[in-house]
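A quick write-up on the structure given underneath.
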Amino acid sequence: MKANEIGMSPQTYAGEKGNLIKGKDFIKLFNQALGKSSVDIGWEDRVEEIPIPNTGYKNLDKNSDGKVDIDDIKTISPDKANDLLKVNDSIGKKEGDSGWEDERKVILGYKNADVSGNGMVNWYDLWLVYKNFKMGDYNPRYDVNKDGRIDQKDTNEVKKARGKRNSQPGWEDRIELIKEGAKRQDFNQDKKIDKEDLFAILKDLKEIQLLKEAYGKKVGDIGWEDKTKQEIIPNTGYKNFDLTGDGRVTEDDLAFYFKGLFPTGSLIKTENTFYLIQEGRKRLIGKEDRLTRLNITSPVTASLSKEEAELIPSRTSLIIMKKEDGSINPDFFSYALGKTKDSLGWEDASYLRMGAKNGDFNDDGQINLYDFMAFRNAYNTNPTRYDLDKDGLVDMKDFAIFRGFYGKMAGDEGWEDKIMAILKTGYKNLDLKEDNRINSEDLEGYFSQAYGEDVLIKEEQGETYLLQKGRKIQLADQETREVMGIDYREVKVIGKDEFNLIPDGGSIKLYRDGTLIKDADNYYLILDGNKRRFLSSASVRRHGFSPEKAIPASIDHIQQGEDMPEYPDGMLIKDSDGSWNPFIEYSIIENGKRRKIDGGIYGVQNMGLGDKKK
């Protein structure tokens, strides 16, 4: 960012004789200018009182509204303002001074509890440490927490680590940054912090353009090193954008850069499209109507050109589980399939929009210059009162929040805390079987709950299917549809994307009542929509059917009914030894059972049955 982009000409920093204003003087000028207006002393350049020209407060009136307020301070991009404040705090520091190096802490990994060295922590490690503890001898191998002695604390550490393996996260020791050292502000690497480091910030090129040029570059490429001969400005080599230090400028570096520029939860806009920033990456929300659907009411942090927005690395689009009508958002299930509890995005994402009262540090019901000065004094420390984003440090991210509060008063909209949005985007919302993974069984569960059982569904302009147990089953032919008695007025029309998500349940064919089916070695008769098995092929003939005319088919999908009786009702049964005897015993089949007829052939004739023996 060039100097004149914050409302001041380059001479502002160089002065009459080319001497740069010192960092503390520069910050002091900003502090003094806040709240000033065109009627105040010092608005115009006053060489007599301020020995360096172009330092009148009006030079900081970026929006030319006749006053200097928080809106003018906002014109410094967050990362640049952050660097200015840090350099200001570090002016005069040099190598060897306290605070020059970063302060770090070591987080002990589970590996320290693996005293047996077999790549896992189990009861054997606990026994070894406990045994050494009881012996009273010191062996550093069993000093799990590295405090110089072996005691109950070490056994407790082993207990906490039991079950861990060398393939799991947290096995190795890791180092975490507690506080940044001044060394990070030594931009020209001369082992001291002075006006030249401040000059490097104020006279930098437009970083968006430089960042675009740097993307994809690596060690050895032309322009990787500082281009001090081609440009009069130091620290413009592409390597300055290698923020992860791996010798190349990649998407991870872009994310690192934009993470400092836009805190997580920032809403940005390009043309008529909105994005949510998460850890330096943008998630597509879409048009303005989706803000309402997602209950996002926060103000837009920045409006970017399409070119600038394209530089921000992308994450998957911000999508919600259900549509306005309660139906599933098919895109969400498409992303969720295959995810497990260890996948990024398993949990819901929620954001808290803090109320302005969090910036009222002196509790006087308004946020003004006094609160700004209090915040300024707390910068780069860790008092909870000023740590607005609760990350353990008062830094530029907190300033970005505070500047959004500036000028607010008790009673104003947004003074109290509000939940900006609770986004039901966690994949676990679709884990209907609660087995910590998303698969076809969850799909079946959802569609079964959403539409019920034995429901007719179709895609628009498509054929009709039967939905059973969350699966779509194709109806084989017109006869099947007729047998089902489909009423097309009751068919549920489903969108193409959602319809394609429904698991396939194959195809079924239903048969009219009275149809004879042969499935494998068994014969069945379709009655009342059920299949009823014949006990033998002879029984098939007794019931008046020809086994040869049976339709071969697999009918596992048809519900099993009672077996067919061996003899049909009304059939006359004659017990005969082969000789003629008018008084031989006859029986008739009624309700599947045999009933004896008295009087032999005469009894049968008296009943009008004739001799229809079988």
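The values are calculated or read from the model by the stated rules, or taken from the named source; none is laboratory data. Just so it is clear, the structure is predicted and the values come from calculations on it, not from any experiment. Please note: Cβ atoms are built from the backbone with ideal geometry, for glycine as well, and neighbour counts cover all protein chains shown. Side chains included, ligands, DNA and RNA excluded: accessible areas come from the protein's heavy atoms. Shrake-Rupley method; radii C 1.70, N 1.55, O 1.52, S 1.80 Å.
For residue 329 and residue 288, compute 0.36 nm times the residue count separating them, minus their Cα-Cα distance, and round to one decimal in nm.
Working: separation 41, 0.36 × 41 = 14.76 nm, distance 1.83 nm.
Contour length minus the Cα-Cα distance gives 12.9 nm.
Filter 179/339; 183/269; 67/183; 339/496; 183/259 down to the pairs with a C-alpha to C-alpha distance above 29 Å, please.
Working: 179/339 36 Å; 183/269 36 Å; 67/183 37 Å; 339/496 23 Å; 183/259 21 Å.
Beyond 29 Å between Cα atoms: 179/339; 183/269; 67/183.
Please say if the range 480-534 is rounded, prolate or oblate, where rounded means a/c under 1.5 for a ≥ b ≥ c the square roots of the C-alpha gyration tensor eigenvalues, and otherwise the choice is prolate for a/b larger than b/c and oblate otherwise?
Note, shape of the range 480-534 comes out oblate.
Could you calculate the contour length gain from residue 363 to residue 218, that is, 0.36 nm times the residue separation minus the distance between their Cα atoms, to one decimal place in nm?
Using 0.36 nm per residue and subtracting the Cα-Cα distance, I get 47.1 nm.
Go through 164/469; 93/160; 218/397; 86/164 and tell me which ones have a Cα-Cα distance over 32 Å in this structure.
164/469; 93/160; 86/164
To the nearest 20 Debye, how big is the dipole of the range 384-465 about its Cα centre, given +1 on the beta carbon of each Lys and Arg and -1 on that of each Asp and Glu?
On the way: 11 positive and 20 negative charges, 123 e Å.
It comes to approximately 600 debye.
Arranged from highest to lowest average of other beta-carbon atoms within 10 Å per residue, in what order do the peptides 261-269, 462-470 appear?
Numbers: 261-269: 20.3, 462-470: 17.6.
Going from most to least packed, we get 261-269, 462-470.
Suppose every K and R has +1 on its Cβ and every D and E has -1 on its Cβ; what is the size of the dipole of the range 503-573 about the Cα centre, in Debye to the nearest 20?
In total the dipole reaches around 240 debye.
Provide the FRET efficiency to the nearest 0.05 for the residue 487-residue 347 pair, computing r from the beta carbons and using R0 = 35 Å.
0.20
With each pseudo-label sitting 7 Å past Cα toward Cβ, what's the residue 177-residue 409 distance in nm, one decimal?
The two pseudo-label positions are separated by 4.1 nm.
Of 125, 221, which has the most accessible area and how do the rest follow, probe 1.4 Å?
221, 125
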